[in-house]
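Student: Can you keep this structure in mind? I'll have questions shortly.
Please treat every number below as a calculation from the coordinates, not as lab data. Values in this document were obtained by computation on a predicted structure and should not be read as measured data. All Cβ positions, glycine included, derive from the backbone under ideal geometry; neighbour counts span all protein chains shown.
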Amino acid sequence: MGVETKHIDIYPKQDSFPRELMGQRIKSVTVSEPKDDSERRPKLLIIYTGGTIGMIENPETGALEPFDFENLIDNVPRIRRLDYDIDSFQFDEPLDSSAMNPSHWQDIAYVIDCFYDDYDGFVVLHGTDTMAYTASALSFMLENLRKPVVITGSQLPIQEVRTDGEENLITSLQVAAARQDDGSPVLEEVAILFENYLWRGNRATKYSADNFNAFKSSNFPRLAKIGLGITFRDDVLWRPRGNEPLKVHYGMDNNVMYLSLFPGITDTMIRHALNTPGLRGVVMKTYGAGNGPSDPNFLEAVREAIERGLVIVNTSQCDNGMVDPHRYKTGSALYGAGVISGHDLTSEAAITKLMFLFGQNYPVNKVKEMMETPLVGEMHH
Ligand code: ASP
C-alpha cells in the first residue's frame with residue numbers, strides 16, 4: 001500500500017509533565033501521500049493505541065493480541081480513496097485497553113498537545129473495554145478543545161471478513177474531517193464513534209460485549225445520525241466558549257474508587273472501603289434516584305468519612321435518569337450526611353472527573369463545587 005514509515009522523537013513541551021513517554025521514539029506512519037493542490041484538504045492524525053481493531057490471533061494460544069498499525073492499515077485499502085492527508089502515530093506497544101491507566105490518557109493527550117496545530121482532527125483507535133473512560137478523561141484534560149477528537153475501535157479485528165473496524169475507522173475519519181461553511185470543524189469535542197452512532201465521549205458507556213453497536217448514551221442524544229450520509233445535530237454539539245488556546249491538564253489523581261451499594265452491604269465493608277489509605281474521592285453507586293440504606297450506622301460511616309475530607313459523589317446504578325437527592329427520604333439522608341449529587345453523570349465520567357479535579361490540586365470544597373457543575377457537557381444542568 002506504499003505506506004511510508006518514519007520515527008519521530010517526542011520531546012517535552014512542558015517541564016512539569018512527569019512523562020515516561022518524553023523522548024521515547026514513537027512510530028509515525030504516513031498513510032496517504034500529501035497531495036499538492038491549491039484547495040487545502042483536511043489533515044488528520046490517527047493515534048493508534050491498540051484494542052481489538054488491530055489484534056490478530058496468536059497461533060499458539062488462540063488468544064487475540066494487539067498488533068502493529070501497519071498491519072492494521074494494510075487491511076483498509078479504502079482509506080486511500082479518502083481525499084484527506086492522513087498521518088498516524090503508534091505507541092511503541094499497542095495495548096488491550098483493559099491494561100490502560102491514567103498515564104496512557106496523559107500519553108494520548110500529549111500527542112494531541114504536540115500536534116494540535118498541525119492537524120485538523122484526531123482519530124484515536126482504542127480498545128472498547130475502557131474507551132468510555134479515556135473519552136471522559138480526555139474531555140476534561142483537553143480544555144478549550146476546538147478540534148475533533150474521535151475515538152473508535154471495533155468488536156472484531158480488522159482482518160476478519162465481517163469486521164466492523166473498517167467501517168468505524170472510515171466513518172471516524174469522515175467525522176473528524178467534517179467542516180462548517182466557514183471552514184471550522186463541525187465537531188469541537190471528544191466523541192466516540194461506533195457503528196452508526198456518534199456519542200459525546202463523556203456521556204457514553206460500553207454496554208455490549210457482542211453487538212456492533214457496543215456503546216450507548218442513556219441520558220444524552222447522539223451527536224450525529226449516521227446512515228447514507230452523516231447528519232450532525234447542531235442543537236446538541238458542544239460549542240466551547242471564548243477563544244482561549246488549547247490547555248492540556250495532565251494532572252490526574254487516581255486516589256478514587258467506586259462503591260456500589262447492594263442490599264446486605266455491611267457497615268464493616270463500608271468503613272473498610274472508606275478508610276482505604278490515601279483515598280480522596282468515592283463515586284457511590286446508589287439505587288434508583290440516588291437512594292441508599294437508612295441504617296444509622298451506614299449513614300454515620302459516610303458522615304465520618306466526609307468529615308475526614310473525603311468527597312463522596314452520588315450516582316445511580318440506573319443508566320437512565322438522574323440522581324434526585326430530595327425525591328426520597330433515603331436519598332436526602334445521604335445528602336444530609338454530606339454526599340454530593342452526581343446528577344446524570346455516567347460512572348466513567350464521574351470517576352474521571354474526580355481524578356481530574358483532584359489532579360488539579362483544588363481544595364475539597366472546590367472539588368465538590370465543580371463536581372456539581374457541568375464543565376464540558378458531561379452532565380445535565
Ligand atoms: N479487550 C479489548 C480492548 O479493550 C476489547 C476491544 O477492543 O473491543 O482492548
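Student: By how many nm would the segment from Ile170 to Ser184 grow when fully extended, if each residue of separation counts as 0.36 nm and the alpha-carbon distance is taken off?
Tutor: 3.0 nm
Student: Among all the aspartates and glutamates, which ones have a C-alpha under 20 Å from Lys206's C-alpha, if same-chain residues fewer than 8 places away are not counted?
Tutor: Lys206 reaches Asp96, Asp129, Asp164, Glu166, Glu167, Glu189, Glu195, Asp319, Asp344, Glu348, Glu378.
Student: If I take R0 = 25 Å and measure r between the Cβ atoms of His326 and Arg271 in this structure, what FRET efficiency does the formula 1/(1 + (r/R0)^6) give, to the nearest 0.05?
Tutor: 0.40
Student: For Ser88, what residues show an amide H to amide H distance below 5 Å, using hydrogens built from the backbone and excluding near sequence neighbours?
Tutor: Sorted by chain and number, the residues that satisfy this are Val29, Thr30, Val31, Ile46.
Student: Expressed in nm², what is the orientationally averaged projection area of the convex hull enclosing the Cα positions of the chain?
Tutor: 20.6
Student: Which residue fluctuates the most in the chain, going by a Gaussian network model with Cα springs under 10 Å, if the choices are Tyr362, Tyr287, Tyr116?
Tutor: Tyr362
Student: Which whole-angstrom value gives the distance between the alpha carbon centres of region 164-192 and region 275-294?
Tutor: The distance from the Cα centre of region 164-192 to that of region 275-294 comes to 37 Å.
Student: Spin-label point model (7 Å from Cα, Cβ direction): what's the Lys247 to Arg80 distance in nm?
Tutor: Reported label-point gap for Lys247 and Arg80 is 4.5 nm.
Student: A further question follows. Please identify, among Met141, Met322, Met370, the residue showing maximal mean-square fluctuation in a Gaussian network model of the chain using a 10 angstrom Cα cutoff.
Tutor: Largest GNM mean-square fluctuation: Met370.
Student: What is the gain in length, in nm to one decimal, between Thr61 and Leu228 on full extension, counting 0.36 nm per residue of separation less the C-alpha to C-alpha distance?
Tutor: 56.1 nm
Student: Related question: Using a 7 Å offset from the Cα along the Cα-to-Cβ direction at both Arg41 and Asp68, what is the distance between the two label points in nm, to one decimal?
Tutor: A separation of 2.5 nm, rounded to one decimal place.
Student: So, in nm, how far is label Arg308 from label Phe262 when the simple model puts each one 7 Å beyond its Cα toward the Cβ?
Tutor: Placing both labels 7 Å beyond Cα along the Cβ direction yields 2.4 nm.
Student: Normalized C-alpha radius of gyration of region 226-342, against 2.2 N^0.38 Å?
Tutor: Relative to the rule-of-thumb radius for its length, region 226-342 sits at 1.37.
Student: Something else about it: Take the Cα gyration tensor of region 51-90, multiply each eigenvalue by 5, square-root it, and list the three semi-axes largest first, rounded to whole angstrom.
Tutor: Three semi-axes, in Å: 25, 10, 6.
Student: Calculate how many DSSP beta bridges within region 103-227 are antiparallel, expressed in % of all such bridges and rounded to the nearest 5.
Tutor: The answer is about 55 percent antiparallel.
Student: Quick one: of the DSSP bridges fully inside region 19-248, what percent are antiparallel, nearest 5?
Tutor: About 50 percent, rounded to the nearest 5.
Student: While we're looking at this one, here's another question. Of Lys225/Lys366; Lys247/Lys285; Lys216/Lys353, which pairs sit farther than 29 Å apart, going by alpha carbon to alpha carbon?
Tutor: In this structure, Lys225/Lys366; Lys247/Lys285 exceed 29 Å between Cα atoms.
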